[in-house]
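Only one structure is covered here, and it is reproduced in the block below.
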């Protein structure tokens, strides 16, 4: 093995080994030892990713295939890794943001009785995501795909003593399973069509082997999987509940791992979506529809983490719209900048929750900027970034998505309009959140004594704030760094890009104005603090996500529960158990009836033998001998 | 009047019925045992008579087998009866009905 292959393999093996070590010795390592080990393995992974990926940045790198081992020889499936600009970018984001979240967790999880266990799961989460992004084919991709689902379950229900946390973990697992079913069928179709699950084979044969119909079927099923994993409509319901997990877990799920998997997968399989324009359009419509829908729900939330959860769903919708429109670079760009500012938002929210000893309700916050200057400053950066104010990172990526969609013309302009509206609402609800949390009147009790978080929590905030501020420089219209970086990964799949300079400048000005308008609207609305109108039933309906969750509960969960009770009660207890018990009762009854035959008197036995012998004899004689 | 094989068969039948009746009607285990022997020997008698009548040895061979097995059975059976008598101080089979269902 050459150096590059070793580095790429180690990238996965480091956090995986760290997770195994922490599972075995986490308790003995204690605090903060276990956290340091977890952070070190992920941090070392980031260094490896940067070193191994440097060639792509410099423009000299070649895509690298790392064969691992024959996995399923009967199907010709070989486990191996693919190191190209796309996987390199994902690996850097996952390990970089992941490492910062690990550092933060050392402070946030201090004093938790399962400290070591927490870092074991976190490391496993990062390792799973790396398997997902580094896979060289659908087979290994699916392994990572399922592993991140498992890790999300373990971490969301990390505080399983709380019934709500256990239920949220279960919900995430079950909803993800719905998407995974579609994904699995897509993989079967791919194997049936190509006889191989490797990207290289599939993408090279796809244009000649695949009809538009089968390409559409495969890509739509892939979309079902992506919708489940990336929390898009209609499978988004698990993400808001996932807030039951510790805050660093939310940051990891929303920023670096898990939910970005769907966007990554659509970008990775761009060659297939290219053959099925209808599916690509569906991706874009689902994405932008979800973006708008989730943004409206975010406006009504009281819980600071639930605002961020719906915000993530909304931002992922942007990414889906981008990759659906063929703007793979713009989508991956927004994925990256979103990873920076959303991790920052979650960690900042965690610092606030930490400062107020577990309070998550914004109605009992306000005016915290005096007590939490560092957190406030970093959160303001993240707020401006997600709202799309230049020169913060979110502006560049969001603007690139909107400009690219606008450029495609026709009905895409409608999607662009929805995107612009979503941008307005995004600026509005983020401003509302920041305002209600950090500014305005104080609504927390004096004995709460909010205090700034320790430096292990402050440092990641500061680093992420710098990234959220400057991340946009990765790909500015005058220096398309990320585009040149990613282009080789798409092997000639056309990438939609923004139009000529003038249109782009106009569109950028429009989207910046919209963001400012959203902020001003929110400031005007919340200048006097809370709005009593928010307690009215209409707001409550929006806050509950238009009742979609309840509808699911009534239709699917209640239906499933009724089916389970039917099977457990009448079918199992009465039917199957009844059959087994019935056989027992039958045998027992026959035994009871036959028991009196055994009198215990020898002469009775003797008599029956004699009678039997005589009867036999009589039978033989009646037949005239034998 | 000559003694035809039919007479032997009749005697065997009578002996067998006496044995069977004894087995069914008597209570003393020892007497029942003797009745069983009587039935065995009734069967032996019919074997020998049939063998002689047909002019083959099979009947006599069967008798030897029966005698050997009966001897072995007597050893075991008597041992059981003696042991039971020692424990229960009775040889009445009606009192030995512990296997009643």
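Taking square-rooted eigenvalues a ≥ b ≥ c of the alpha carbon gyration tensor, is region A:565-626 rounded, prolate or oblate, where a/c under 1.5 means rounded and, failing that, a/b exceeding b/c means prolate? Taking the square roots of the gyration eigenvalues as a ≥ b ≥ c, region A:565-626 is oblate. Spin-label pair residue A:212-residue A:57: with each label point 7 Å from Cα along the Cα-Cβ axis, the two points sit 4.4 nm from one another. Descending by average beta-carbon neighbour count within 10 Å, the peptides A:219-232, A:295-308, A:525-538 line up as A:219-232, A:295-308, A:525-538, the highest first.
Over region B:5-90, what relative contact order in percent results from Cα pairs under 8 Å that are six or more residues apart?
Values: 71 pairs, mean separation 22.3, N = 86.
Once divided by the residue count of region B:5-90, the mean separation gives 26 percent.
Most tightly packed first, judged by the mean number of other beta-carbon atoms within 10 Å of their residues, the peptides A:601-612, A:400-411 read A:400-411, A:601-612.
Once the Cα atoms are used to define both axes, helix A:138-156 deviates from the longest principal axis of chain A by about 90 degrees.
Could you tell me which of rounded, prolate or oblate describes chain A, using a ≥ b ≥ c as the square roots of the eigenvalues of the alpha-carbon gyration tensor, with rounded for a/c under 1.5 and, failing that, prolate when a/b is larger than b/c and oblate otherwise? In terms of gyration-tensor shape, prolate. To the nearest ten degrees, helix A:277-299 and the longest principal axis of the Cα atoms of chain A are 80 degrees apart. Length gained on full extension, residue A:150 to residue A:546: 139.7 nm, using 0.36 nm per residue less the C-alpha separation. Computed over region A:262-346, relative contact order equals 35 percent, with contacts defined as Cα pairs under 8 Å that lie 6+ residues apart. Taking the average, over residues, of other Cβ atoms within 10 Å as the packing measure, peptides B:47-54, A:570-577, A:391-398 rank A:391-398, B:47-54, A:570-577 from highest down. Which residues does the label zone of residue A:607 cover in region B:35-62, counting backbone N under 20 Å from a point 7 Å along Cα→Cβ? Answer for region B:35-62: B:35-36, B:39.
Reducing region A:588-610 and region A:253-280 to their Cα centroids gives an inter-centroid distance of 78 Å. The slack between residue A:589 and residue A:192, meaning 0.36 nm per residue of separation minus the straight C-alpha distance, is 137.3 nm. When you restrict to C-alpha pairs under 8 Å that are six or more residues apart and normalise by the size of chain A, the relative contact order lands at 12 percent. If a/c stays under 1.5 just call it rounded; otherwise compare a/b with b/c (prolate if a/b is bigger, oblate if not). Do that for region B:5-90, with a ≥ b ≥ c from the square roots of the Cα gyration tensor eigenvalues. Oblate shape, in that a/c is at least 1.5 and b/c is the bigger or equal ratio. Placing R0 at 30 angstrom, the Cβ-Cβ distance between residue A:27 and residue A:69 gives a FRET efficiency of 0.35 after rounding to 0.05. For chain A, the longest principal axis of the C-alpha atoms and the axis of helix A:163-194 are separated by about 90°.
Counts of other chain beta carbons within 10 angstrom of each beta carbon in peptide A:279-287 average 0. Counted by neighbouring Cβ atoms within 10 Å, the residues A:509, A:415, B:81 run from fewest to most as A:509, B:81, A:415.
Only the coordinates and a few stated rules stand behind these numbers; no lab work does. Quick caveat: nothing in here was measured; it's all calculated off a predicted structure. Glycine also receives a Cβ, built like all others from the backbone with ideal geometry; neighbour counts cover every protein chain displayed.
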